[in-house]
Amino acid sequence: GEKVEQHESTLSVREGDSAVINCTYTDTASSYFPWYKQEAGKSLHFVIDIRSNVDRKQSQRLIVLLDKKAKRFSLHITATQPEDSAIYFCAASKNAGAKLTFGGGTRLTVRP
Amino acid sequence: EAAVTQSPRNKVAVTGGKVTLSCNQTNNHNNMYWYRQDTGHGLRLIHYSYGAGSTEKGDIPDGYKASRPSQENFSLILELATPSQTSVYFCASGGRDRGLEQYFGPGTRLTVL
């Protein structure tokens, strides 16, 4: 089955700098790649996604890049703020049932 | 606002006991999911459902059963709980459309002694 690997388990950046979290997947049939955020002690919520028909998507300070050849996608957070500190999960799915396979999570810390 | 609730929020069980985790959603979503979250493993899918009366095995179904008696409710059942099932369990709901985001409940922290 699909495997999603999240390369950075922890990431620390200075406030105002950019943060990049990288994920790779194994199943070439995967076509939908969402990102979820989990703040300390809370549940997960959706932040942004990208579908395989595009290679870049931006929503305010969040940018997602997709490289289908390399089976790699990444989340870029620009101008980081303290409230960006959280665990970020990437995921992948391939069918209309939206069954997701998650990566292991990246704990992002934004230092003042 | 999409709403997924879980009960109980915390549970301590004994090895060999039966545990039922409940999930309710008011989103009118067809799909519901049960995940467990463990450090280093992210979220792993246990069971999911496409609608009332349906349950499907996820990636780690062993030791778990699921029940979807209605559109709104989805339960996860541990017939014989083991310490390895100590974890945080999340329920989520999502629409049928391709790639529609999932809405997560607050989680249940289960400790099996």
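The values are calculated or read from the model by the stated rules, or taken from the named source; none is laboratory data. All values reported here derive from a predicted model rather than from experimental measurement. Please note: Cβ atoms are built from the backbone with ideal geometry, for glycine as well, and neighbour counts cover all protein chains shown.
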*asked:* Can you find a residue that is basic (Lys, Arg) and within 9 Å of chain B (Cβ to nearest Cβ) anywhere in region A:50-67?
replied: yes
*For region B:18-39, what are the residues that are of a type outside the set (S, T, N, Q) and assigned to a loop (DSSP other than H, G, I, E, B)?*
B:LYS18, B:HIS29
_Can you tell me which residue is farthest from B:PRO8 (Cα to Cα) among those in region B:86-113 that are modelled with pLDDT of 95 or more and surrounded by fewer than 19 Cβ atoms within 10 Å (Cβ to Cβ)?_
B:LEU113
*Meets criteria (more than 14 Å from chain B (Cβ to nearest Cβ) and surrounded by 20 or more Cβ atoms within 10 Å (Cβ to Cβ)) for A:LEU11*: no
*Can you tell me which of A:LYS99, A:LYS3 is surrounded by fewer than 16 Cβ atoms within 10 Å (Cβ to Cβ), within 11 Å of chain B (Cβ to nearest Cβ) and within 30 Å of B:ARG109 (Cα to Cα)?*
A:LYS3
*If we keep just the residues of region B:64-113 that are touching a Phe, Trp or Tyr at 6+ places or on another chain (Cβ under 9 Å) and without any contact (Cβ under 8 Å) to a residue 12 or more places away in the chain, which is nearest to A:ILE50 (Cα to Cα)?*
B:GLY99
_Show me the strands (runs of 3 or more DSSP E) entirely contained within chain A in which 2 or more residues are within 26 Å of B:ILE60 (Cα to Cα)._
A:4-6, A:19-25, A:32-38, A:44-51, A:72-77, A:86-92, A:106-111
